[in-house]
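Shown next, in structure tokens, is the structure this report addresses.
The values are calculated or read from the model by the stated rules, or taken from the named source; none is laboratory data. In this text, all values refer to a predicted model and were calculated from it rather than measured experimentally. Here the Cβ positions follow ideal geometry from the backbone for every residue, glycine too, while neighbour counts run over all protein chains shown. Heavy atoms of the whole protein, side chains included, go into the accessibility calculation; ligands, DNA and RNA do not. Shrake-Rupley method; radii C 1.70, N 1.55, O 1.52, S 1.80 Å.
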Amino acid sequence: MSESVIYTVEKGVATLQIHRPEVLNSCNRALLTTLRELLARGASDTSVRALVLTGTGKAFCAGQDLTEVIADKEMDFNKTVQDYYNPLIQDIRHLEKPVVAAVNGVAAGAGANIALACDIVVAKASACFIQAFSKIGLVPDSGGTYFLPRLVGWQRASALMMLGDKVFAPQAKDMGMIYDYFPDTSFEEEVRALAGRLAQMPTKGLAYTKMLLNQSFAHTLSVQLAQEGLWQAKAGATEDYREGVRAFLEKRSPKFKGQ
Ligand code: T3D
């Protein structure tokens with residue numbers, strides 16, 4: 001496992017910090033492999049009930065490490081995307097726990113789109129998002145052409161992807177690209193509070209909500225209504241649901257266990 005991701009667990013929250021600050025946390029294959037291994041660790045650790053993906057230093061992630069691309073003259077772009085980026089995005093979307101992207105600085109190229117694949121995206125006020133691909137003649141990947149138009153609408157997505165303009169966190173929030181942003185000075189504290197809150201919630205119910213959202217845009221209303229019934233049956237069979245109702249009737253705060 002490469003040392004380019006720092007993994008810590010505290011109070012039910014696993015934090016994955018992308019750690020190649022000298023190259024703005026850009027991704028090489030070793031880093032992408034490690035990220036997947038650590039997401040799997042967080043997924044299987046029953047003490048972990050929420051995950052945070054963030055970066056060290058001044059960047060969240062500057063996308064693909066361009067020196068790796070240049071160094072490898074035989075590089076097969078499709079294979080890199082299929083073998084490294086796509087599985088990472090699928091892992092995030094299918095991980096049965098909430099994944100928060102805590103965007104601590106610039107998020108460019110695949111770095112921006114990895115963030116957008118997460119369940120809740122928050123950012124430092126000074127952080128920015130750049131669909132940098134067009135500036136080097138590439139197309140957006142890592143789910144960018146899927147998530148961005150769904151988040152901000154076709155026209156904005158199209159312009160951002162073609163122009164590669166920098167979008168700072170307040171503007172990103174205004175256009176619905178991210179959920180919220182926090183002052184730089186209190187960012188870590190706010191992220192801890194948000195993730196800590198998620199880690200106390202009914203984990204299975206959140207996972208089932210995520211699965212429903214994953215399918216939402218591909219379904220008709222009637223199919224999605226039917227799916228809601230099926231997932232509601234699973235949620236209604238959890239211990240946390242029983243605790244939630246008991247706590248409501250007893251007029252006390254629930255103590256969810258993620259079961
Ligand atoms: O198979 C495939 O490869 C396809 C997959 C593609 C996925 C992609 O993500 S393609 C898009 C790749 N990313 C980019 O094009 C972004 C490149 N970086 C930038 O445009 C800028 O660095 C930023 C706008 C992100 C930040 O600018 P700034 O001025 O704050 O920092 P900087 O001075 O440009 O960068 C600081 C250092 O990080 C610098 O190194 P140095 O000069 O101090 O030795 C720079 O070269 C390095 N760095 C930044 N981004 C990358 C990088 N090194 C390698 N790869 C990078 N992506």
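Some values worked out for this structure:
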{"quantity": "Net charge of neighbours whose Cβ lies under 11 Å from the Cβ of residue 97, counting Lys and Arg as +1 and Asp and Glu as -1", "calculated": "0"}
{"quantity": "Quarter of Cα convex hull surface for the chain, i.e. mean projection, nm²", "calculated": "14.8 nm²"}
{"quantity": "Candidates 22, 74, 243: whichever shows maximal mean-square fluctuation once the chain is modelled as a Gaussian network with Cα springs under 10 Å", "calculated": "74"}
{"quantity": "Gain in span if fully extended, residue 193 to residue 259, counting 0.36 nm per residue against the direct Cα distance", "calculated": "21.6 nm"}
{"quantity": "222 nm mean residue ellipticity, helices alone, for the chain (DSSP H n ≥ 4; -39,500 (n - 2.57); rounded to 500)", "calculated": "-14000 deg cm²/dmol"}
{"quantity": "Accessible area of the stretch 1-149 belonging to carbon and sulfur atoms, whole % at 1.4 Å probe", "calculated": "55 percent"}
{"quantity": "Total charge dipole magnitude, the chain, about the Cα centre, Cβ charges on Lys, Arg, Asp, Glu only, Debye to nearest 20", "calculated": "760 debye"}
{"quantity": "Point-charge dipole on Cβ atoms (K/R +1, D/E -1) for the stretch 55-147, about Cα centre, debye to 20", "calculated": "400 debye"}
{"quantity": "Nearest-0.05 FRET efficiency for residue 8 and residue 231, computed from C-beta distance (R0 22 Å)", "calculated": "0.10"}
{"quantity": "Listed residues 75, 59, 42: farthest to the positive end of the dipole of the stretch 1-93 (Cβ charges)", "calculated": "42"}
{"quantity": "Spin-label pair residue 220/residue 37, simplified geometry with 7 Å Cα→Cβ offset, distance in nm", "calculated": "4.7 nm"}
{"quantity": "Portion, in percent, of the accessible area of the stretch 159-259 that falls on carbon or sulfur, probe 1.4 Å", "calculated": "59 percent"}
{"quantity": "Average accessible area per residue (Å²) across the chain - probe 1.4 Å, nucleic acids and ligands excluded", "calculated": "52 Å²"}
{"quantity": "Separation in nanometres of the label points that stand 7 Å from Cα toward Cβ, at residue 71 and residue 154", "calculated": "4.2 nm"}
{"quantity": "Potential lengthening between residue 45 and residue 180 on full extension [0.36 nm per residue; Cα-Cα distance subtracted]", "calculated": "45.8 nm"}
{"quantity": "Under 20 Å between alpha carbons - lysine pairs in the stretch 97-216 that sit 8 or more apart or on different chains", "calculated": "5"}
